[in-house]
1. At 25 °C and a viscosity of 0.890 mPa s, what translational diffusion coefficient does Stokes-Einstein give for the range 4-72, taking Rh as the Kirkwood radius over Cα pairs? Give it in µm²/s as a whole number.
2. Helix 95-107 versus the longest principal axis of the chain: what angle, 0 to 90°, nearest 10, using Cα atoms?
3. Relative to the first principal axis of the alpha-carbon coordinates of the chain, what is the inclination of helix 4-18, with its axis defined by its Cα atoms, in degrees from 0 to 90 and to the nearest 10?
4. List the lysines whose Cα sits under 23 Å from the Cα of K34, skipping any in the same chain fewer than 8 residues away.
5. So how much slack lies between Q36 and S94, counting 0.36 nm per residue of separation and subtracting their Cα-Cα distance, in nm?
6. Viscosity 0.890 mPa s, temperature 25 °C: give me the Stokes-Einstein translational D for the chain in µm²/s, with Rh taken as the Kirkwood radius over C-alpha pairs.
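Read the figures in this text as sums done on the coordinates, not as results from a lab. A quick note: this is a predicted structure, and the numbers were derived from the prediction, not measured.
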Amino acid sequence: MPNIADIIEEYIKARLSRSNGGIVVMRRSELAEKFQCVPSQISYVLNTRFSFNRGYIIETRRGGGGFIRVIRVSLDESEDILDIIYEKIGDEISLGECINLIKYLYDEELITKREAHLMENVLEVTTPNNGVQGSGRQRAAIFKAMLMVLLRHDK
């Protein structure tokens, strides 16, 4: 049985798929009322399920006239895929963020399932999430190198 976060996520994704241009504007309070939950539950779903690593941009304005704008970012429309990804990775990245970004690249069909599994395994083995200082920097460097090879060469 799906939990409330799963239901809210599916609702927002369905609205995005029906929208023109992959953009949907909603009110946090209306969503909370619709799903009979507190507005912070809506914020939780937006922060965890609709991050940039998963291919979304969230714009919000709080207050009486506030809104939430969810934008689906499609990398295949951008000529600057590597620039966008490099900016997101930065100098350090967590293993969880890497895995989310790999999943997104796979969902966008920019990498194959085999490449996704290979990247995940290499990152898990070479840079485990064990709190060792500098592992986030090492992970970012390795991840960027793999992406450079995969995304700069035609399939």
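1. Stokes-Einstein gives a translational diffusion coefficient of 205 µm²/s.
2. Computed tilt is about 80 degrees.
3. With rounding to tens, the tilt is 90 degrees.
4. K13
5. 17.5 nm
6. Approximately 144 µm²/s, per Stokes-Einstein.
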